[in-house]
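The values are calculated or read from the model by the stated rules, or taken from the named source; none is laboratory data. Since this is a predicted model, take the numbers as computed values, not measurements. Glycine gets a Cβ as well: all are built from the backbone with ideal geometry, and neighbour counts include every protein chain shown.
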Amino acid sequence: MKGVCLSLFVSLVFFQALNLANGQARLFWCVPLPGVPDAQLQANLDYACGRPDVDCGPIQPGGACYEPNTVASHAAFAMNLYYQIHGTRADCDFSGTANFTNTDPSYGACKYVNAIGGKL
Ligand SMILES: *[C@@H]1O[C@H](CO)[C@@H](O)[C@H](O)[C@H]1NC(C)=O
């Protein structure tokens, strides 16, 4: 009986660890590559926010992601949202100016959604 309990416990811990590893591996956000000029970021921002299904409300004045009020920050938010909604790898490209990251770019009240992580 003791042995059964122990192996149950060990399996539980093992599968918990496996789940965690899977969960982390599956979390991807889309962010601009470093060094992309503001003009290109602005074009990405306009493109993403121009889509009716991309809600850019959070980067409007008063929104949770308005600060910092920079093109880079607003573009990163919009590009990620566009990618999460459209969902294919090719949607995180923006003419070669974006890439995936498994580091959550969220800060403070500003949440970067992640469809695969179940937050969208
Ligand atoms: C994009 O991310 C992938 C996976 O982390 C990496 O292998 C690749 O080199 C990155 N591409 C660029 C252009 O940074």
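So the values come out like this:
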| read-out | value |
| --- | --- |
| Count of segment 61-113 residues which are of a type outside the set (A, V, I, L, M, F, W, C) and surrounded by 12 or more Cβ atoms within 10 Å (Cβ to Cβ) | 22 |
| Filtered residues of segment 55-82 (kept if under 14 Å from the mean Cα position of the chain (by Cα) and among the hydrophobic types (A, V, I, L, M, F, W, C)) | CYS65, ALA75, ALA76, PHE77, ALA78, MET79, LEU81 |
| Selection from segment 19-50 of residues that are exposed (fewer than 15 other Cβ atoms within 10 Å of the Cβ) and either of a type in the set (Ser, Thr, Tyr) or modelled with pLDDT under 95 (or both) | ASN19, LEU20, ALA21, ASN22, GLY23, GLN24, ALA25, ARG26 |
| Meets criteria (at pLDDT below 90, assigned to a loop (DSSP other than H, G, I, E, B) and out of contact with any Cys (no Cβ under 8 Å at 6 or more places or on another chain)) for ASN114 | yes |
| Residue in segment 71-78 that is more than 21 Å from GLY108 (Cα to Cα) and not in a loop (DSSP other than H, G, I, E, B) present | no |
| Selection from segment 56-92 of residues that are modelled with pLDDT of 95 or more and of a type in the set (Asp, Glu) | GLU67 |
| Residues within segment 93-110 that are at pLDDT 95 or above, part of a loop (DSSP other than H, G, I, E, B) and more than 14 Å from the ligand (Cβ to nearest atom), tallied | 4 |
| The lone exception for GLU67 - which of (1) touching a Gly at 6+ places or on another chain (Cβ under 9 Å); (2) closer than 16 Å to PRO32 by Cα it fails | (2) |
